[in-house]
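Accompanying notes for the structure given below.
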Amino acid sequence: MTKAAPSSRRIALSLVLTLAGCAVGPDFVTPAAPANPHYVAGEQASQTPVAQGNSQQLDPADNIDAQWWTLFGSAQLNVWVEQALAHNLQLDQAKARLLQAQENLTAQTGATRYPQVDLKAGAQRQQVNLEAFGISNIPNPPPFNLYNASVNVSYTFDLFGANQRQLEALSATVDYQAFELAAARLSLAGNVVTAAIRQATLRSQIATTQELLAAQQQQLEIMQARYAAGGISNLDLQKQCELVAQSTATLPPLQKQLAQLNHQLAVYLGLAPADMSQTSIDLQQLILPAHLPLTLPSAMARQRPDIRAAEALMHQASANVGVATANLYPQFTLSGSAGSERSSAGDLANSLNVWNIGLNLMQPVFHGGELQARKRGAQATWDGASAAYQQTVLQALQQVADALRALELDSTALAARDQAAQASDLSLATTHQLYAAGGVSHLQLLDSQRQQLQTRMDLLGAQADRLTDSAALLQALGGGAIQP
């Protein structure tokens with residue numbers, strides 16, 4: 001009795017270790033967040049330069065509002081973004097991939113974490129030939145029926161964690177697909193906002209061109225009357241016709257861009273282009289966000305879904321190294337069955353007369369270098385995923401830095417464009433007065449009109465750039481991302 005107790009404890013301990021197992025391979029560690037608190041070299045300005053009477057304040061923040069597009073103050077823009085998030089078909093594809101990953105994890109969990117239990121039942125009609133067994137002095141029995149029913153149970157012990165690591169890899173795949181869905185949502189929201197701003201800009205540019213074209217056309221009619229009266233030369237009249245034709249030629253490209261943009265916006269919303277409403281946004285009604293939240297790089301790295309997706313791929317690669325490592329070690333499978341085998345179906349439930357139990361060992365011995373090569377391949381995949389993660393972080397930092405610098409320069413450019421537009425308007429008015437008094441040539445008047453059109457178009461573009469880059473900053477910081 002004194003010798004049996006230690007032996008029992010050793011058996012119990014061995015059983016516990018066998019059931020629990022230990023996961024070989026590396027344990028995944030979350031990568032460190034960027035340590036530098038700045039996005040750009042030197043000191044980051046807390047506000048942009050003043051342009052058209054306002055500047056933008058960059059406020060330190062812990063995170064970015066999930067509905068960051070509402071900062072532009074457009075009810076129609078909000079409707080478009082929400083409609084796109086609800087009906088976009090690319091998001092539906094991402095949702096389907098996420099569901100597929102979740103079901104794969106559920107299936108593999110059921111296949112490896114719990115014993116497999118199967119019920120088998122069958123019926124056979126048999127004829128036994130005794131002579132085949134060397135028995136020739138006994139008549140062969142008549143054909144008979146054989147019925148059987150059994151329950152089979154099998155379980156592979158996860159001694160070295162192969163199953164655990166495989167489930168870990170599948171769980172990381174679920175995280176990856178969830179972050180890919182969040183990234184698709186963020187990208188879609190940004191695309192809708194950018195398209196809406198661009199649409200409003202094109203409409204304003206078309207309206208401005210048509211307005212100036214109408215004034216030029218009116219001037220042409222006056223000049224035609226003066227030419228008929230002999231007041232101007234044919235050259236002056238032809239120059240005015242040329243200006244009208246040039247201004248008219250600028251409209252089709254703008255209208256083409258607007259049509260294509262409307263079609264693209266319809267696709268974002270999950271609609272056919274023919275089903276898109278004619279509702280539009282006025283550029284002057286969009287509100288430039290006076291306060292923009294700015295998170296630290298470390299917070300940005302935890303909010304941007306593309307960075308989190310790259311991290312999930314690292315986790316998946318790390319777990320696969322563990323799977324490849326565990327495949328080098330033995331596997332133990334416990335199996336058993338119990339059932340009844342009778343010549344009458346009604347007797348199957350009377351008692352169990354057939355059973356078996358067994359323990360199988362599978363130890364890889366020679367696979368032509370396959371298993372070691374797969375482990376090295378898994379390690380190489382891990383190295384690649386690590387490099388891809390670092391590259392994703394660097395690109396994210398670059399995008400934020402680009403957006404911050406763009407906002408600063410957009411304000412400077414807008415102030416200059418605004419000043420140029422005011423000067424151009426004043427110059428055109430003065431030139432008209434001088435032309436009426438005969439102080440300048442018609443060619444000078446045409447140049448002044450061309451300059452006014454160009455400066456007004458440039459001003460609209462500068463206003464749009466400021467709005468677009470504000471949206472780019474909010475998107476680059478990971479606004480609207482949904483964590484799994």
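The values are calculated or read from the model by the stated rules, or taken from the named source; none is laboratory data. All values derive from a computational prediction rather than experimental measurement. Here the Cβ positions follow ideal geometry from the backbone for every residue, glycine too, while neighbour counts run over all protein chains shown. Only protein heavy atoms, including side chains, enter the accessible area calculation; ligands, DNA and RNA are left aside. Shrake-Rupley method; radii C 1.70, N 1.55, O 1.52, S 1.80 Å.
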Is it the case that the stretch 346-368 has a residue that's within 18 Å of Val321 (Cβ to Cβ), among the hydrophobic types (A, V, I, L, M, F, W, C) and free of Cβ contacts under 8 Å to residues at least 40 places away in the same chain?
-> no
Residues of the stretch 116-173 being in a loop (DSSP other than H, G, I, E, B) and open to solvent by less than 70 Å² (accessible area, probe 1.4 Å), which ones?
-> Val128, Gly134, Ile135, Pro141, Pro143, Asp158, Leu159, Phe160, Gly161
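Please work out if Ala416 is open to solvent by 40 Å² or more (accessible area, probe 1.4 Å) and closer than 30 Å to Leu288 by Cβ. Reasoning before the result, please.
Values: open to solvent by 40 Å² or more (accessible area, probe 1.4 Å): yes; closer than 30 Å to Leu288 by Cβ: yes.
In short, yes.
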Any pair with Cβ under 7 angstrom, 6 or more apart, that starts in the stretch 265-288 at a residue that is over 24 Å from Leu186 (Cβ atoms) and of a type outside the set (A, V, I, L, M, F, W, C) and ends at one that is open to solvent by 70 Å² or more (accessible area, probe 1.4 Å) and in a helix (DSSP H, G or I) = Pro273/His263; Ser280/Arg203
Spot the failing condition for Gln205; the list is (1) open to solvent by 60 Å² or more (accessible area, probe 1.4 Å); (2) touching a residue at least 60 places away in the same chain (Cβ under 8 Å); (3) of a type outside the set (A, V, I, L, M), and only one is missed.
-> (1)
Every listed condition ((1) open to solvent by 40 Å² or more (accessible area, probe 1.4 Å); (2) in contact with a Gly (Cβ under 8 Å, 6 or more places away or on another chain); (3) farther than 23 Å from Ala45 by Cβ) holds for Leu286 save (1)
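Restricting attention to the stretch 47-68, and to residues there that are small (Gly, Ala, Ser) and at pLDDT 90 or above, which single residue is farthest from Ala472 (Cα to Cα)?
Across the stretch 47-68, the extreme among qualifying residues is Ala51.
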Selection from the stretch 419-440 of residues that are farther than 19 Å from Met223 by Cα and open to solvent by less than 50 Å² (accessible area, probe 1.4 Å) | Ala420, Ala421, Ser424
List the number of the failed condition for Leu434; all other conditions in (1) assigned to a helix (DSSP H, G or I); (2) farther than 30 Å from Gly231 by Cβ hold.
-> (2)
Mind checking whether some residue in the stretch 73-91 is on the phi < 0 side of the Ramachandran plot, open to solvent by less than 30 Å² (accessible area, probe 1.4 Å) and touching a strand residue (DSSP E or B) at 6+ places or on another chain (Cβ under 7 Å)?
-> no
The stretch 172-229: number of residues that are closer than 30 Å to Asp306 by Cβ and either at pLDDT below 90 or of a type outside the set (Val, Ile, Thr) (or both) = 24
Criterion violated by Ala84 - all others in (1) within 28 Å of Gln391 (Cα to Cα); (2) at pLDDT 95 or above satisfied = (1)
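Being assigned to a helix (DSSP H, G or I), surrounded by fewer than 18 Cβ atoms within 10 Å (Cβ to Cβ) and either acidic (Asp, Glu) or touching a strand residue (DSSP E or B) at 6+ places or on another chain (Cβ under 6 Å) (or both) is the requirement here; does Glu211 meet it?
Values: assigned to a helix (DSSP H, G or I): yes; surrounded by fewer than 18 Cβ atoms within 10 Å (Cβ to Cβ): yes; either acidic (Asp, Glu) or touching a strand residue (DSSP E or B) at 6+ places or on another chain (Cβ under 6 Å) (or both): yes.
So Glu211 passes the test.
Being open to solvent by less than 80 Å² (accessible area, probe 1.4 Å) and either modelled with pLDDT under 90 or over 30 Å from Ile307 (Cα atoms) (or both), is that true of even one residue in the stretch 371-383? Give the steps one after another, and end with the answer.
From the stretch 371-383, those open to solvent by less than 80 Å² (accessible area, probe 1.4 Å) are 371, 373, 375, 377-380, 382; that's our starting set.
Those left that are additionally either modelled with pLDDT under 90 or over 30 Å from Ile307 (Cα atoms) (or both): 371.
Yes, the stretch 371-383 contains a residue that is open to solvent by less than 80 Å² (accessible area, probe 1.4 Å) and either modelled with pLDDT under 90 or over 30 Å from Ile307 (Cα atoms) (or both).
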Just for the stretch 30-65: of the residues that are touching a residue at least 24 places away in the same chain (Cβ under 8 Å), closer than 18 Å to Pro297 by Cα and among the small types (Gly, Ala, Ser), which one is most open to solvent (accessible area, probe 1.4 Å)?
-> Ala35
